[in-house]
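The values are calculated or read from the model by the stated rules, or taken from the named source; none is laboratory data. A quick note: this is a predicted structure, and the numbers were derived from the prediction, not measured. All Cβ positions, glycine included, derive from the backbone under ideal geometry; neighbour counts span all protein chains shown.
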Amino acid sequence: MKNACLELTWLYYILRDLKVPISMRTPLYCDNHTTLHIATNFVCHECTKHIEIDCDIVREKLQAGMISLSHVSSHCQLAGIFTKPLEKDQFVTL
């Protein structure tokens, strides 16, 4: 999610320089409920301090209104085809 936010920031700056208005948030989907909770929870906990910098970037973009976070089922996650081995049926579906 951090890398996606950094790429979106880069794209926003390019579009702004080209005078293209951006009127809506970019949806960012994740298949992990815990990750979504950590990203939207603005209180840092001791158990998440090793990922604090990554969370701060995502939280900053969320507060700025650049992104909106949503859950997507693992079976519908398009990125899964690139990141993990899938069964033949799910591979064909994606």
Handout entry: Unique residue being free of Cβ contacts under 8 Å to residues at least 60 places away in the same chain, under 14 Å from the mean Cα position of the chain (by Cα), farther than 14 Å from Ala39 by Cβ and surrounded by 11 or more Cβ atoms within 10 Å (Cβ to Cβ) when the list is Gln90, Gln77
Key = Gln77
Fill in the blank from the handout: Wholly inside the range 40-94, helices (runs of 4 or more DSSP H) that include 2 or more residues that are at pLDDT 80 or above and in contact with a Phe, Trp or Tyr (Cβ under 9 Å, 6 or more places away or on another chain) are 52-63
Fill in the blank from the handout: Log entry, pairs with first residue in the range 28-39 being closer than 8 Å to Val72 by Cα and among the charged types (D, E, K, R), second being modelled with pLDDT of 75 or more and not in a helix (DSSP H, G or I), beta carbons closer than 8 Å, six or more apart or on different chains, reads Asp31/His71; Asp31/Val72; Asp31/Ser73
